[in-house]
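The values are calculated or read from the model by the stated rules, or taken from the named source; none is laboratory data. What you see is a predicted model, and the numbers here were worked out from it, not measured in a lab. Cβ placement follows ideal geometry from the backbone for every residue including glycine, while neighbour counts extend to all protein chains displayed. Side chains included, ligands, DNA and RNA excluded: accessible areas come from the protein's heavy atoms. Shrake-Rupley method; radii C 1.70, N 1.55, O 1.52, S 1.80 Å.
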Amino acid sequence: SPSQCLCSAGFQPSSATCVPCGSTMFKSSAGNFTCTRSALCPPGKTALTLSTPTTDTVCGACSLQDTFKSWIGNDPCRSCTQACVAGYYTSHCNSTTVAPTCSACSNCPSPGFF
């Protein structure tokens, strides 16, 4: 009978039918339960693979000393060397979860330096 039918992975019940999970939702197994919201990667991690209707987002760590991400979301980690505005340089980048320290550029003390 229809009451014994189960929605497939990637689908959830709606009235007397099954409908696909939404774009930020997933369901990895069959059953008459709703889809789950896909994960958002925490600070210091980026999405290695985004969710599909049947799998959750997989997060991986930013590279220490090279990249950081201080916010929640599935966007890429940012390069430490590109974090400072013009006239400043990255003077300290030792955390994957905190934006690097930017220091002001200054005139070099004598000719021959740059």
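A few points about this structure:
- If you go through region 53-65 and keep only what is open to solvent by less than 60 Å² (accessible area, probe 1.4 Å) and either in a strand (DSSP E or B) or closer than 17 Å to residue 37 by Cα (or both), you end up with 54, 56, 57, 59, 60.
- The residue pairs whose first member lies in region 75-95 and is closer than 16 Å to residue 43 by Cβ, whose second member is open to solvent by less than 30 Å² (accessible area, probe 1.4 Å) and in a helix (DSSP H, G or I), and whose beta carbons are closer than 9 Å, counting only pairs six or more residues apart or on different chains, are 93/80.
- Looking only at region 27-38, and only at residues there that are under 24 Å from the mean Cα position of the chain (by Cα) and open to solvent by less than 30 Å² (accessible area, probe 1.4 Å), the one that is farthest from residue 7 (Cα to Cα): 38
- Residue 41 vs. criteria part of a loop (DSSP other than H, G, I, E, B) and at pLDDT 80 or above: yes
- Flag if residue 105 is open to solvent by less than 50 Å² (accessible area, probe 1.4 Å), more than 27 Å from residue 24 (Cβ to Cβ) and modelled with pLDDT under 85: no
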